[in-house]
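This report concerns only the one structure given below.
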Amino acid sequence: MGCKLYLGEHFYEEMTAQIAFRTPGMHPDSPAVKALRDGGAAITSEMEAFFQVCPCPIIAVTGSDGKTTTTTLISKILEEEGNTVWLGGNIGTPLLPLVRKMKKEDVAVVELSSFQLMDMTHSPSVAVITNLAPNHLDIHKDMDEYVEAKKNIYRFQNTDGVLVVNADNALTAPLRGNGTTRSFARIGQGDVCLKEGIICRNGEQVLDSKDILIPGVHNIENYMAAIAAVEGMASDDTVRKVARTFGGVEHRIELVRIKDGVRFYNDSIASSPSRTIAGLRSFPEKVILIAGGYDKHIPYDVLGPEICKHVKTLVLGGATGPLIREAVEKCGEAQPQIVECADFTAAVYAAAAAAQPGDVVLMSPASAAFDQFKNFMVRGAYFKKLVMEL
């Protein structure tokens, strides 16, 4: 078809191009991208091109945790309001091939990762940063590079742009956009905040947190971010309807099965300590936790005390298993029973064997899946398969 392939370890040495599309997994400073740039190629990406040609307003969400659920909530609310919504980006669907079907009155709702944002030169109409915490430090040079990548989501907005930030998060609270900046805060003060269990916007009651179907205080924060993002675009009645009916996104504290009085939850998306901490805090009882996996070189110190507080049996495996165990043993509090397993399958079986009626088994690894699986979705699907076969 006239397509030339450059393959092998040093594939980029003979490669030339006028325009190069960088995939999110390839660092902008990688030898291949550098060689193309030095050769005069313009470096772009699928998402950059989409932002250039998209005919409708774009709402984009990034953050260390909660971005997929927040992106989904925004799209659900706008759809319920009667809009045609195009949902995609890091959430799974490439939007560039669909752009000819889009109309100017539609809305594109996009999840963006730090890898997609690193060299972006366009920003959306509405940008949301759910929170920032150490993540992906196996790819990024350091935390500064990670944070600077995230800032690109609003860096190129004009004065009409809207930035939504988490006022409870130390890294996002000081951020200010080029246009309007809205804040949300579950604990402190924000434009959208929580007062006696009620989510309020600009002092007006919007949503009783008890009406939110999906569990966990972090999902209250996700709703607050979404409410700030859709201000002026959707009614409060629409927000309330979605809250009472939306059951959550797959692999995010997803109830898989209740067997013999034991509830099994799939939280495979939790590839960082902060995600697992949010999952643990979603349950009033102590849980049986399955954790460990691929090492992204992020610290686990903060996870130890949370496990001691919320876990009765800890089932560990993978490269980060010893790191998580070390963090638990350092916390100086009463520690859970710890079971070490050779692989993921053994860990699931060990957790099920330890469970009694009334227990919660939570697979929330605090680690990436790449040591044993292609990605967190494959890991979550395999967990669900094993649980359904018990």
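The values are calculated or read from the model by the stated rules, or taken from the named source; none is laboratory data. Everything numeric in this text was worked out from a predicted model, so none of it was measured. As a convention, Cβ positions derive from the backbone with ideal geometry for all residues, glycine included, and neighbour counts pool all protein chains shown. These area figures cover heavy atoms from the full protein model, side chains too; ligands, DNA and RNA do not enter into them. Shrake-Rupley method; radii C 1.70, N 1.55, O 1.52, S 1.80 Å.
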Item to check | Residue-span extension gain [K312 to T180] - 0.36 nm each, minus C-alpha spacing | outcome: 43.0 nm
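If you roll a 1.4 Å probe over the heavy atoms of the protein chains, what accessible area per residue do you get for the stretch 1-159, in Å²?
48
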Next on the checklist: Expected output is a single nm value to one decimal: the length gained when fully extending between R37 and K259, i.e. 0.36 nm times separation in residues minus the C-alpha distance. What is it?
Outcome noted: 74.3 nm
Checklist entry - What ranking, highest mean first, results for peptides 320-326, 78-84 when packing means the other Cβ atoms within 10 Å averaged over each residue? => result 320-326, 78-84
Checklist entry - How do the peptides 97-106, 34-43, 381-390 rank, highest first, by the average count of neighbouring beta carbon atoms within 10 Å per residue? => result 381-390, 34-43, 97-106
Next on the checklist: Considering only protein heavy atoms and a probe of 1.4 Å, how much of the accessible area of the chain is carbon and sulfur, as a whole percent?
Outcome noted: 51
Next on the checklist: Suppose the chain between R281 and E329 were pulled fully straight at 0.36 nm per residue; how much longer would it get relative to their current alpha carbon spacing?
Outcome noted: 15.3 nm
Item to check | Rounded to the nearest 20 debye, dipole of the stretch 263-331 from Cβ charges on Lys, Arg, Asp, Glu | outcome: 200
Checklist entry - Taking only protein heavy atoms and a 1.4 Å probe, what accessible area per residue, in Å², does the stretch 255-334 have with all protein chains in place? => result 38
Item to check | Relative contact order (percent, whole number), the chain, Cα cutoff 8 Å, 6+ residue spacing | outcome: 12
Checklist outcome for this item: Count of lysine pairs, the stretch 254-390, Cα-Cα under 29 Å, sep. 8 or more residues or interchain, comes to 25
Item to check | Distance between modelled label sites at A17 and D343, nm, 7 Å Cα→Cβ extension | outcome: 3.7
Checklist entry - Per q in 0.14, 0.21 1/Å, what log10 I(q)/I(0) does a Debye calculation on the alpha-carbon atoms of the stretch 199-337 return? => result -0.74, -1.21
Checklist entry - Once both labels are modelled 7 Å past Cα along the beta-carbon direction, what's the H10-A173 spacing in nm? => result 5.2
Checklist outcome for this item: Read-out Rg and Dmax of the Cα atoms in Å, candidates (1) 22.9, 80; (2) 25.1, 84; (3) 21.7, 65; calculated match is (3)
Next on the checklist: Sequence gap at least 6, Cα distance under 8 Å: using those rules, report the relative contact order of the stretch 220-285 to the nearest whole percent.
Outcome noted: 18
